[in-house]
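Quick notes on the structure that follows.
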Amino acid sequence: MAERIEGLRDIVALYDVILCDVWGVVHNGETAFLEACAALKAAREAGLTVVLITNSPRRSDGVVRQFARIGVPDGTFDAIVSSGDVTRKLIEAQGPKKVYLIGPERDWALVEGLPVTSVAMDAAEVIVCTGLFDDESETPEQYRPQLEALRARDLTMICANPDLVVERGTRMIYCAGSLAEMYKRMGGRTLVAGKPHPPIYAASLAAAEAIRGAFARERVLAIGDGLPTDVRGAVAQGLDLLYISGGIHAADYAPAGGEGTDVDALELFLARHSVAPRWWMHRLA
């Protein structure tokens, strides 16, 4: 079983670099988790380099603007690497293409400056998915007919956010990853660069090295709450993981009729999924 810690300060002496998830750890899409932000700032003051590694389909400058709106304080991090950043490289590698964009208009800045043209579904050569058009009211199942039609044309889907769901306030909303998974089950080709896939980790470690110079991989700590993304990614990269149990999976091991974490239920949950984080705590603090 992962070892429970009371605060990030308990383990900072073991590490030089932190790769920290954002949604579910630093904020919930509407409100910053100020204790988590304070913990990361304190780690930086102790000499660690903090890189935020997020599956947001926005470019990193767009993530910073979101932080300003929801109250993430200055000084919380050294750098940000987003799924949007690394996905742009996948899109660019396709060359000049007509793309069908699936996702809210706020995310379409993702393709600005790239050699692509946004077109209607029937004229597309490639799909770029950043999410559902209206993630407050729609479900992936509503997209099945559209995805079946795109699959029949054998188009590749580039997924800008591998997350299946994220917290937004007290709600869970579907993300682009849920559509990519459906498309993949239909036999469609998908290209994904965000967590848990290697490109976003390579970019994040390179960002840390650019800031502090060389460091040992065993001195890197990943922090996250999502099993398919944060946990699987950290395990695949051979990184120590601090698991935040109060995130998207909290309902799987919450005590009956209450909040928090039932330790026995958490242990069963992690064993069932064959993962073993080194550390865990309910919320980053």
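Points worth noting:
- Residue match in the stretch 191-205 (condition: touching a helix residue (DSSP H, G or I) at 6+ places or on another chain (Cβ under 8 Å), at positive phi, modelled with pLDDT of 95 or more and not in a helix (DSSP H, G or I)): no
- Of all residues in the stretch 179-221 being under 14 Å from the mean Cα position of the chain (by Cα) and not hydrophobic (A, V, I, L, M, F, W, C), the one that is surrounded by the most Cβ atoms within 10 Å (Cβ to Cβ): 195
- Within the stretch 262-285, residues that are under 21 Å from residue 10 (Cα atoms) and in contact (Cβ under 8 Å) with a residue 12 or more places away in the chain reach partners that are surrounded by 14 or more Cβ atoms within 10 Å (Cβ to Cβ) and of a type in the set (Asp, Glu) with beta carbons closer than 7 Å, at six or more positions or on different chains, in the pairs 278/240.
- Taken together, 40, 52, 19 contain a single residue that is closer than 20 Å to residue 210 by Cβ and either assigned to a loop (DSSP other than H, G, I, E, B) or over 16 Å from the mean Cα position of the chain (by Cα) (or both), which is 40.
- Every residue from the stretch 115-160 that is closer than 24 Å to residue 197 by Cα, under 23 Å from the mean Cα position of the chain (by Cα) and surrounded by fewer than 18 Cβ atoms within 10 Å (Cβ to Cβ): 156
- The single residue among 49, 87, 31 that is surrounded by fewer than 22 Cβ atoms within 10 Å (Cβ to Cβ), of a type in the set (Ser, Thr, Tyr), on the phi < 0 side of the Ramachandran plot and touching a residue at least 24 places away in the same chain (Cβ under 8 Å) turns out to be 31.
- Among (1) more than 21 Å from residue 61 (Cα to Cα); (2) in a loop (DSSP other than H, G, I, E, B); (3) touching a residue at least 24 places away in the same chain (Cβ under 8 Å) - the single one residue 137 does not satisfy: (3)
The values are calculated or read from the model by the stated rules, or taken from the named source; none is laboratory data. Small disclaimer: the values here were computed from a predicted structure and weren't measured. Counting neighbours? That spans all protein chains shown, and the Cβs are built from the backbone with ideal geometry, glycine included.
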